[in-house]
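Trainee: If you scroll down you'll find the structure; I have some questions about it.
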Amino acid sequence: MTPQAPIPAAIAEPVSTLTEGLVAFEPAVNDAGWLQRLFFRANTVWEPAVDSDFLFMAIWWFSVFWFVVLIGLSIFWTIRYRRRPGVPAPVSPSHNTKLEIAWTVIPSLFLIYLFFAGFEPYLQKLVAPKDALEFQVSGQKWSWNVVYPNGRKPTEVVRIGTQDIKVVYVPADRPTKFRLTSSDVIHAWWIPDFRTKIDCIPNRYTSIWIEPEPLGGKDYTHEEGYLYREHWVFCAEYCGQDHSEMAALIRVVPYDVWLTKIQGKLEGEPWEIGRQIAQINGCFGCHSVDGAASTGPTWLNTYGYPREFSNAPAMTQADIDGDAVLMDNYIRESIYVPSAKVRQGFTNGMTPYAGVLSEEEVSSITAYFKHLSDRGGSFEPEPPGDDPETDTNEQPADEADAQPASQQP
Amino acid sequence: MSSNHDHDHDDGHHDEGSYLTPRGTLFETVLSWVYTIDHKKIGVMYLTAVLTMFFLGGVSALAVRLELLEPNRIDSVLTIDPTTGAESIETIEKGSFFKSIGLADNLAEANIVYNRAFTLHGAIMVFMVIVPGIPATLGNFMLPLMLGAKDVAFPRLNLLSWYIYVFGSLLAILVILYMGVETGWTFYTPYSTTGDISQWRTTVMVASVFVIGFSSILTGLNFIVTVHKLRAPGMGWFDMPLFIWAIYATSIIQVLATPVIGITLLLLMFERIFHIGIFDPGMGGDPVLYQHFFWFYSHPVVYVMILPAFGVINELIPVHARKHIFGYNAMAFASLGIAAVSFMVWGHHMFASMGEIAAAVFSALTFLVAIPTAVKIFNWVATLYKGSIAFNTPMLYALSFIFIFLIGGLTGLPLATLATDLHLHDSYFIVAHFHYVMMGGTIIALTGGLHHWWPKMFGRMYNEPVGLLGGSFVFIGFNVTFFTQFFLGTQGMPRRYASYVDEFQTLHIISTVGSWLLLIGFLIHLFNFLFSLVAGPKAPPNPWGGLSLEWETESPPTAHNFHHEPLVTHGPYDFDRVLPPHCDPEDFPLPDKPLDH
């Protein structure tokens, strides 16, 4: 459904050709030993990640050495000097200053090395190059709001587990910087394949960056002909009920494809656009559209129906009949200031969408509310089997497609 | 015996029996426990309370592992009515243990139940089990005995701290259950202070943590004064058993660090009542500031958890290996060194949310902790050299401790290293790491110490083969449960997740099976102890041939600990030159020529 906009010639210039990538690029995955693959599954060739994996394996072997020495000696001596009736323990010294100094100083030297060796890749992971593409990311209970460098937002979702999660397109072979904040509580943006994460803190920016290697080798081929690779993003700072569903999928594509993917425009009737906006922004994680019980109230038959609130006067049928935009105001207010009117029987756990959804987007969602109500004027019962929660505008063919490509054999 | 105590009125009337001997009617006996100021009875009361909490925390841990056996999924199933042929799509929510046993109606609720379960597990295990675990139980019972004292310095304060502990624990559990605390045991703002779900919950929760902490302050104060003032004649500072050194260092941390949680509580209340923005970003506060306050208390408390465990191992290994502890002075100063550095490393909990310079400073300081800890492990292993090592349950636990704690310590290295921590932070790697040091450290040492001192505390022997069997189950179950979690962490599994992507399931299944082995191990120990209380053989005063003062009195000790004030003429670890009291010299022979120490 994403329109294939023509690429402006000026931007299209540095496009990498697929054949070049296939021939020239050999992913570093092959260089990693089986143990490193057991630890990390996927390996990238992004330099800071390679450095920190090297450091991890260095610590691993250092640890294995001391572990084998110390546990080996413990077991050996426990057996060698096991108690025999009537036989006293052999006489041995109870301290040895030289030995004690040695085993204090020698491991300390390794610790000093570790400190310095750990600092440089850490800075590399945090400080992005000046020419990096800047993505704005805002964490929110329980989804990620992403804005591309051109000001547009992702338009695709995939179903993982129990939730729809966003697909974020990132160009290959170019530095991408994520500038992060949060609109409610602290979250953390963790991209395990790139070994990096940072907390997303309200009222403050933090940032990390990645540079995916060129596509080729074992990467997937999309049915539209381009190569792509996928990486998980997980929320790593505990944020409540759906913390474990707060993921995103980074899809690495060639730069020219990326330019088209970030143009994402939604198409269809106003209510269809509203449904897509609601889906992309994670509304269906808490609200059903078929009357089923969920964390928040269902959207079915909401528009035009009287409602009672636990913290505000009830909205009666007379009120609704007497004010042509009362419902529109109610929906807009519930999106921007969810705590203003809390439905009877629910607690308010919703994050305000002010600053996340524009007035135009709220207007489209209102159109969807009308569509979902037999008092809304555009009500059409959905045909059976057309479950709007799973009907995405670009649904992957099967479950396997939803797995990050880099993690498949 | 000297009679300058106010409660030795029946001294000399008849054989006074042990502190466990019932006095008068059942009612009077119960009263004698409720009002007791005897450190031994208070120690046993603490033990009962702590083990009850351990049971509660353990049950919630098992529930958490069961929920993680399967990821939550929603399946759409096409059903065709056989009579009408009508098609309908049904969605089936599956994978949740809590939903299957009726604790939740749907997966969203199941997530909330999961969040409460791990909060209950974390809060109980940290604040009510591991922190008071060794000092309040074994410490209370053994510290005056090992010093040759009749009681702690302030016996009434000691009883008060038990009541404060019980009150604080009950308050915390009620708050978690009835106010819906599902914030994790760290209560990070703004998650814990915003939203509509009972905004007071965090304030009350931190208040109950402070109450429990206050009982630690009182106990710590009591122990510090006791160590300074009530050592038996002849016992200098460096003649004390290392267990005392460990408890002493722990007490200092408790007294100095716990007030910080009180300050945090005060600031939370200011924010809630007067709407002064301190932590809440909505009022202009800084949520990361809360983390600094919280960890400035909770990080030193990590060493409150582990130092007493070191102390227990310092007793188990020399006694059962019949060897002088290697490097006594290094051990004592390592304890104090760890206590000092523990106040300067809190920032390593915030590597993903603080500036680069601060992170570098805290990374360097964190490596400092590794040095005294490594020294201790080297010393324990060196103590085994040329010993006469009995392989019994306490020794099995001492070796388990070295094995597990070594893994816990070494996996701290990639967490202190900034580059690798950025990946491992808040992942299952950290979950595995702190279970290796906290459970594998403190709980393993507590269980080992309980076997070691069980004959002294209750006057009955436990069954040795059954103890070894239980210890083996705990050791294997522990490693199966938590070693897998290191791999989950490096592969990308975040902590505190109620569900996960498919690729992690195999490791989660292994981990859950391990938790069942752990359960079996602890149940074996429980039955062994209960059987010992009822029908165990009577314990001699000194079954292991120990040289510290608690082995000089009978098992269980009399109400006043010693019939005569003990005089210390030898060190606690001089196994090569002193015959242990109340022992057959044939059982614990001395070498012909002792070495000069």
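The values are calculated or read from the model by the stated rules, or taken from the named source; none is laboratory data. No experiment lies behind these values; they were computed from the predicted model shown. With ideal geometry, Cβ positions are generated from the backbone for all residues, glycine too; neighbour counts draw on all protein chains shown. Side chains included, ligands, DNA and RNA excluded: accessible areas come from the protein's heavy atoms. Shrake-Rupley method; radii C 1.70, N 1.55, O 1.52, S 1.80 Å.
Trainee: Report the Cα centroid-to-centroid distance between segment B:456-479 and segment B:24-42 in angstrom, as an integer.
Mentor: 29
Trainee: Let me ask something additional. Considering only B:MET45, B:LEU415, B:VAL304, whose Cα is most displaced toward the positive end of the charge dipole of segment B:26-551, charges sitting on Cβ of Lys, Arg (+1) and Asp, Glu (-1)?
Mentor: B:MET45
Trainee: Positive end of the dipole of segment B:258-390, charges at C-beta (+1 Lys, Arg; -1 Asp, Glu), about the Cα centre: which of B:ILE273, B:SER363, B:ALA340 has its Cα farthest in that direction?
Mentor: Final value for the positive-end residue is B:ALA340.
Trainee: If you take the beta carbon distance between B:VAL578 and B:GLU356 as r and set R0 to 60 Å, what does 1/(1 + (r/R0)^6) give as a FRET efficiency, to the nearest 0.05?
Mentor: The formula returns an efficiency of 0.60 here.
Trainee: Also, I was wondering about something else. Near the amide H of B:ALA559, under 5 Å away, which other amide H atoms are found, from residues 5 or more places off or on another chain, if H is placed in the peptide plane?
Mentor: Placed amide hydrogens put B:TYR19 under 5 Å from B:ALA559.
Trainee: Provide, as a two-decimal number, the C-alpha radius of gyration of the protein assembly as shown over 2.2 N^0.38 Å, N being how many residues it has.
Mentor: Taking N as the residue count of the protein assembly as shown, the ratio is 1.04.
Trainee: Let me ask something else. Which of the listed residues, B:ILE101, B:PHE378, B:GLN491, is farthest toward the dipole's positive end in segment B:26-551, when Lys, Arg count +1 and Asp, Glu count -1 at the beta-carbon?
Mentor: Going by the Cα projections, it comes out as B:PHE378.
Trainee: How far apart, in nm, are the 7 Å Cα→Cβ label points at B:THR83 and B:PHE527?
Mentor: Result: 5.3 nm between the two label points.
Trainee: Using θ = phi - 60° and the Karplus relation 6.51 cos²θ - 1.76 cosθ + 1.60, list the HN-Hα couplings for segment B:534-551 in order, rounded to whole Hz, with x at every Gly or Pro.
Mentor: 7, 9, x, x, 5, 8, x, x, 9, x, 9, x, x, 10, 6, 5, 4, 7
Trainee: Relative contact order, percent, of segment A:136-252 when contacts are C-alpha pairs under 8 Å separated by at least 6 residues?
Mentor: Result for segment A:136-252 is 30 percent.
Trainee: Would you mind working out the magnitude of the charge dipole of segment B:26-551 relative to its Cα centre, with +1 at each Lys and Arg C-beta and -1 at each Asp and Glu C-beta, to the nearest 20 Debye?
Mentor: 2180
Trainee: Once each part is reduced to its C-alpha centroid, what is the distance from segment A:290-338 to segment B:227-288 in angstrom?
Mentor: 50
Trainee: Right, next: How high is the relative contact order of segment B:26-551, in percent, with contacts defined as C-alpha pairs under 8 Å that are six or more residues apart?
Mentor: Values: 821 pairs, mean separation 77.9, N = 526.
Reported as a whole number, the value is 15 percent.
Trainee: If I take every Cα pair under 8 Å that is 6 or more residues apart in segment A:240-359, average their sequence separation and divide by the length, what percent do I get for the relative contact order?
Mentor: Result for segment A:240-359 is 14 percent.
Trainee: Determine the shielding of peptide A:107-118 by partner chains: average, over its residues, the number of Cβ atoms on other chains within 10 angstrom of each Cβ.
Mentor: Shielding by partners across A:107-118 averages 5.
Trainee: On the principal axes of its Cα set, how long, how wide and how thick is segment A:235-376? Give whole Å, largest value first.
Mentor: 57, 37, 27
Trainee: Between B:HIS570 and B:PHE333, with labels modelled 7 Å along Cα→Cβ, what's the label distance in nm to one decimal, could you check?
Mentor: Distance between the two pseudo-spin positions: 2.8 nm.
Trainee: Across chain B, how large is the tail of the calculated P(r) beyond 39 Å, expressed as a percent of all Cα pairs? Don't skip to the end; give the middle numbers.
Mentor: Values: 54712 of 177906 pairs.
When all Cα pairs of chain B are counted, 31 percent exceed 39 Å.
Trainee: Could you state the principal axis extents of the C-alpha atoms in segment B:385-484, from the largest down, to the nearest angstrom?
Mentor: So the three principal-axis extents are 52, 29, 22 Å.
Trainee: Oh, and also: Using amide H atoms built 1.01 Å from N in the peptide plane, name the residues 5+ places from A:HIS222, or on other chains, whose amide H lies under 5 Å from its own.
Mentor: Distant-sequence amide H within range of A:HIS222: A:LEU227, A:TYR228.
Trainee: Now for a separate question. Estimate for me the total accessible surface buried between chains A and B (protein heavy atoms, probe 1.4 Å, no ligands or nucleic acids), in Å² to the nearest 100.
Mentor: The buried area between A and B, both sides summed, comes to about 8500 Å².
Trainee: For the pair B:LEU170 and B:GLU90, how long in nm is the line joining their label points, each one 7 Å along Cα→Cβ?
Mentor: About 4.8 nm, to one decimal.
Trainee: Next question, about the same structure. Where the only charges are on Cβ atoms (+1 Lys, Arg; -1 Asp, Glu), what is the dipole of the protein assembly as shown about its Cα centre, to the nearest 20 debye?
Mentor: Working: 57 positive and 93 negative charges, 771 e Å.
The calculation lands at about 3700 debye.
Trainee: Between segment B:523-566 and segment B:92-124, what is the separation of their alpha carbon centroids in Å?
Mentor: Centre-to-centre (Cα) distance: 44 Å.
Trainee: Kindly write out, for segment B:178-189 in residue order, the coupling ³J(HN,Hα) from the Karplus curve 6.51 cos²θ - 1.76 cosθ + 1.60 (θ = phi - 60°), rounded to whole Hz, with x marking Gly and Pro.
Mentor: 9, 9, x, 6, 9, 9, x, 6, 9, 6, 4, 7
Trainee: Whole-Hz ³J(HN,Hα) for each residue in segment B:156-173, computed from phi via Karplus 6.51 cos²θ - 1.76 cosθ + 1.60 with θ = phi - 60°, x for glycine and proline: what do you get?
Mentor: Working through the residues one at a time gives 5, 4, 4, 5, 4, 5, 5, 5, 5, 4, 5, 4, x, 5, 4, 4, 4, 5 Hz.
Trainee: Let me ask you something else. Enumerate the amide H contacts of B:TYR500 below 5 Å, restricted to partners 5 or more residues apart or on another chain; note that Pro and chain-start residues carry no placed amide H.
Mentor: Residues meeting the criterion, in which the H sits 1.01 Å from N, are B:ASN72.
Trainee: Next question, about the same structure. I need the calculated FRET efficiency for the pair A:PHE76 and A:ILE106, taking r as the beta carbon distance and R₀ as 22 Å, to the nearest 0.05.
Mentor: Efficiency, from the Cβ-Cβ distance: 0.55.
Trainee: Around B:LEU267, under 15 Å between beta carbons, what's the net of Lys plus Arg minus Asp minus Glu among the other residues?
Mentor: -2
Trainee: Could you check how much of the accessible area of segment B:26-551 is carbon and sulfur, as a whole percent, using a 1.4 Å probe?
Mentor: On segment B:26-551, the fraction of accessible area on carbon and sulfur atoms equals 74 percent.
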